[in-house]
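The values are calculated or read from the model by the stated rules, or taken from the named source; none is laboratory data. Every value quoted in this text rests on a predicted model; they were computed, and no experiment measured them. With ideal geometry, Cβ positions are generated from the backbone for all residues, glycine too; neighbour counts draw on all protein chains shown. Note: accessible area is taken over every heavy atom of the protein model, side chains too, but ligands, DNA and RNA are not part of it. Shrake-Rupley method; radii C 1.70, N 1.55, O 1.52, S 1.80 Å.
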Amino acid sequence: TIASMQRRYQVDIAQAARVAALSERLRQAVAPAWGLGDAWSRQLLGWAADVHEIGLAVSPINHPRHGAYLIDHGEMRGFNTPQRRAIALLVRSQRRAFLRAAFSTYAPRERQRMTRLAFLLRLAIVLCGARTDAAIPEFGLRVDHDDGRLSLPAAWLRGHALSSELLEEERTRLRAHGVTLTIVGV
């Protein structure tokens, strides 16, 4: 079903694979501290990464909203309504502000999981912004409850000004959700 959606909406398969692989590396780095080591977290994040750009088939303007609509209202054989809505929420949350109302429909524990998965997807998308494997930096990500530390090569941060600016914006957005992210150039 996911592969069919990628074909139907002409997703850049290489970019989707980059984002999926990096989001999985990020998830593994934080899984013990954030309780994201289960199969559901892995699958949900992977599915969202695989289809995060389907909204571009509708319009490059506000494509996350278009993608979420296609997922939430389209035919996705093998996925039930709560699964589709969870994937749609992550796709919708990939850029700009988190939708507090959408996350609030979940029970507190699941809300926390969804917020954390959205953060990982957003971070992977920013770090894969150059759309090439060569541009993805080596990184370190550690979290302790709601405090995170992202270590990136200082040269990469200097050479990727837009990505650096987007990471700073993510820090601000996360702070509004009670998560502190420190970005360190090494």
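Model label sites at Arg109 and Gln10, defined 7 Å from Cα along the beta-carbon direction, differ in position by 4.5 nm. Just check region 75-125 against the gyration tensor rule for me: Cα atoms, a ≥ b ≥ c as the square roots of the eigenvalues, rounded for a/c under 1.5, and otherwise prolate or oblate depending on whether a/b exceeds b/c. Note, shape of region 75-125 comes out oblate. Across region 110-126, computed HN-Hα scalar couplings (Karplus, 6.51 cos²θ - 1.76 cosθ + 1.60, θ = phi - 60°) run 6, 4, 5, 4, 5, 4, 5, 5, 4, 4, 5, 5, 4, 5, 4, 5, 5 Hz from first to last residue, x flagging Gly and Pro.
Placing +1 on the Cβ of every Lys and Arg and -1 on the Cβ of every Asp and Glu, with no other charges, gives region 23-111 a dipole of roughly 280 debye about its Cα centre. Amide H contacts of Met76 (H built 1.01 Å from N, in plane; Pro and chain starts excluded): no residue 5 or more places away or on another chain comes under 5 Å.
FRET efficiency for Glu75 and Trp40, Cβ-Cβ distance as r, R0 = 30 Å, nearest 0.05?
0.85
Annotation note: GluC sites (Glu not before Pro) in region 95-186 located in DSSP loop regions with a Cβ neighbour count of at most 11 within 10 Å are Glu138.
Among DSSP bridges having both ends in region 141-186, what percentage is antiparallel? Round to the nearest 5. Provide the component values of the computation, followed by the final result.
Details: 4 of 10 bridges.
Expressed as a percentage, antiparallel bridges in region 141-186 total about 40.
With each label modelled as a point 7 angstrom along the Cα→C-beta vector, the Arg95-His177 pair spans 1.7 nm.
Solvent exposure of His160, expressed as accessible area, is near 60 Å², computed with a probe of 1.4 Å over the protein chains only.
Output the antiparallel fraction of DSSP beta bridges having both residues in the chain, as a percent to the nearest 5.
If we restrict to bridges inside the chain, about 45 percent are antiparallel.
Rounded to whole numbers, the Karplus 3J(HN,Hα) couplings from phi for region 13-19 are 4, 5, 5, 4, 5, 4, 5 Hz, using 6.51 cos²θ - 1.76 cosθ + 1.60 with θ = phi - 60°, and x at Gly and Pro.
In this simple spin-label model, placing a label point 7 Å from the Cα along the Cα-to-Cβ direction at both Gln28 and Arg131 gives a separation of 2.7 nm.
In terms of its Cα atoms, region 17-117 spans 38, 30, 30 Å along the principal axes, sorted from long to short. For region 20-94, the residue among Gly46, Pro32, Ile71 whose Cα projects farthest onto the positive side of the dipole built from Cβ charges is Pro32. About its Cα centre, the dipole of region 42-186 is roughly 400 debye, where the only charges are +1 on Lys and Arg Cβ and -1 on Asp and Glu Cβ.
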